[in-house]
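In what follows, a single structure is set out as structure tokens and then discussed.
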Amino acid sequence: MNQETAAPENQHDGHIPHFSLRLSPTPRGARLARLLSEQQLRTWGLPLEAPTQIVAELAANAATHGRVPGRDFQLLLYVAGGTLRIEVTDTRGDRLPRLTTPAEDGESGRGLLLVAALADRWGVTEGRYPRKTVWAEVSTRPTASRSAPPRPAPPR
């Protein structure tokens, strides 16, 4: 595992908080992506539940469907303009993810459905061969359901 946050070529403009890791495309790598992302989100003071679940699903897909022996997958998190962007890049650009309807009794095929339900937007970007990046965006701005209860008016 290589944490890439200090090198100038890995910084967006110095003002955008970001977190980048390369991990092995294994169940252990996917689990580390989830755990380390959760810790980073906690450090940034951001919501944990939806983004952590999105990272877990995208990392599991990279480890399962994007696996190429000897090639890592990359996780990138960054916050810009009130939006958390989650990117997972693997080296199986020939296998683009698709939303499908899983079999009722199937044990897999629901990961992207979860990502679509939890993210404000998501998609796939084909990168320099043989890479692809699956990304998701989540608003970090409070909504009516996420915000704290209103404070009572001060006495007159």
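Computed quantities for the displayed model
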item	result
For the range 65-109: rounded, prolate or oblate by the Cα gyration tensor [a/c cutoff 1.5]	oblate
Cα-based shape type of the range 23-82, given that a ≥ b ≥ c are square roots of the gyration tensor eigenvalues and the cut on a/c is 1.5	prolate
Environment charge at residue 97 (Cβ cut-off 13 Å; Lys +1, Arg +1, Asp -1, Glu -1)	+1
Proximal charge balance of residue 32 [Cβ under 12 Å; K/R count +1, D/E count -1]	+2
Length released on extending from residue 141 to residue 113, taking residue separation times 0.36 nm less the Cα-Cα span	7.8 nm
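Bear in mind these aren't lab numbers, they're just calculated from the coordinates by the rules spelled out. Note that the coordinates shown come from a computational prediction; the quantities given were computed from them, not determined experimentally. A quick note on method: Cβ atoms are made from the backbone with ideal geometry, for glycine too, and the neighbour counts reach across all protein chains shown.
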